Amino acid sequence: MKQILILIMAVAALAACTEQTQTIDSGNRPDTAAFQGTGTPFAAPGWKPGDKISWEQQLKTRTQNGQNDYAKVN
Amino acid sequence: MARMKFVCDAERCIECNSCVTACKNEHEVPWGVNRRRVVTLNDGIPGERSISVACMHCSDAPCMAVCPVNCFYRSDEGVVLHDKDVCIGCGYCSYACPFGAPQFPASGHFGVRGKMDKCTFCAGGPEANGSQAEFDKYGRNRLAEGKLPACAEMCSTKALLGGDGDVIADIFRNRVLKRGKGAEVWGWGTAYGSKQAGQPGGAKS
């Protein structure tokens with residue numbers, strides 16, 4: 001009985017030697033998706049914040065209108 | 001939606017640096033940090049070419065691979081972003097990046113390197129979209145405003161294209177077909193020859 005008690009105490013004493021976890025915060029912090037909008041009045045018109053489909057369409061339309069000069073000229 | 005990408009048309013870039021200026025102005029980037037730069041090859045020699053270079057938001061980004069604190073993450077649109085609260089400013093990413101995209105502010109004491117700063121594709125960072133904290137650390141979040149990167153939208157000659165990879169690839173392809181040249185300058189044509197440009201090996205492509 002005494003031996004078992006000593007064993008338990010030894011195990012309990014060893015448990016104090018364990019290290020605390022040192023894992024740093026992961027960089028994978030959840031980021032709000034861009035299609036959720038900013039809630040500020042600076043958003044471009046023509047799409048609905050929170051609607052991913054309309055946001056994607058807005059970007060495609062904006063790319064064509066703003067960067068495809070062949071579409072504008074011809 | 002495909003991945004967000006930049007393409008710079010070396011046939012059109014006139015080294016005006018308006019993309020650099022637009023970026024610095026939009027995000028209030030501090031002195032010593034240029035998220036975007038214009039690089040000129042064979043400067044002063046007839047036929048010189050300029051391209052605008054920033055973070056290319058690599059599909060297999062070496063900066064992400066080497067970061068010891070895992071501060072990088074990739075958005076659903078393929079934009080490589082980082083968390084400045086986690087960054088320790090070690091500089092590994094700047095050594096790994098083939099484009100020199102990661103920059104470090106030099107405002108501290110000699111030898112002190114601050115948190116890494118780089119192009120965000122105007123997509124901000126992990127702070128709340130449009131918040132002051134996001135602006136202070138990463139600049140404007142234009143994507144969340146339904147806009148595209150300021151550098152590409154401000155480009156006077158439309159040399160710099162930025163947006164959905166499929167869309168800008170179509171724009172660039174159409175442009176090259178219409179003007180009849182350009183694909184031989186960079187990319188596939190340079191490596192394997194371009195039939196369109198009359199170079200050997202073009203038949204294989």
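The values are calculated or read from the model by the stated rules, or taken from the named source; none is laboratory data. Everything quoted here is computed from the prediction, not taken from an experiment. With ideal geometry, Cβ positions are generated from the backbone for all residues, glycine too; neighbour counts draw on all protein chains shown.
Annotations for the structure displayed:
- Pair list, Cβ under 9 Å, 6 or more apart: the stretch A:40-64 residue more than 20 Å from B:Phe172 (Cα to Cα), other residue among the acidic types (Asp, Glu) and not in a loop (DSSP other than H, G, I, E, B): A:Thr40/B:Glu145; A:Phe42/B:Glu145; A:Ala43/B:Glu145; A:Ala44/B:Glu145; A:Trp47/A:Glu56
- Selected residue (only one of B:Thr40, B:Thr21 is of a type in the set (S, T, N, Q), away from every other protein chain (no Cβ under 14 Å) and either within 22 Å of A:Asp31 (Cβ to Cβ) or in a strand (DSSP E or B) (or both)): B:Thr40
- On the stretch given as the stretch B:87-119, residues that are in contact with a Pro (Cβ under 9 Å, 6 or more places away or on another chain) and either among the β-branched types (Val, Ile, Thr) or on the phi > 0 side of the Ramachandran plot (or both) total 2.
- Among the residues of the stretch B:121-137, not a single one is crowded, with 23+ Cβ neighbours inside 10 Å and more than 10 Å from every other protein chain (Cβ to nearest Cβ).
- Residue match in the stretch B:103-112 (condition: within 14 Å of chain A (Cβ to nearest Cβ) and among the polar types (S, T, N, Q)): no
- Exactly one residue out of B:Pro98, B:Pro62 is at pLDDT 90 or above and surrounded by fewer than 13 Cβ atoms within 10 Å (Cβ to Cβ), and it is B:Pro98.
- If the condition is being of a type in the set (Gly, Ala, Ser), outside any helix (DSSP H, G or I) and either under 14 Å from the mean Cα position of the chain (by Cα) or buried (at least 21 other Cβ atoms within 10 Å of the Cβ) (or both), then the stretch B:139-181 contributes B:Gly139, B:Gly146, B:Ala159, B:Gly162, B:Gly163.
- Of all the criteria given as (1) of a type outside the set (Asp, Glu); (2) within 30 Å of A:Pro30 (Cα to Cα); (3) in a loop (DSSP other than H, G, I, E, B), the one not satisfied by B:Ile45 is (2).
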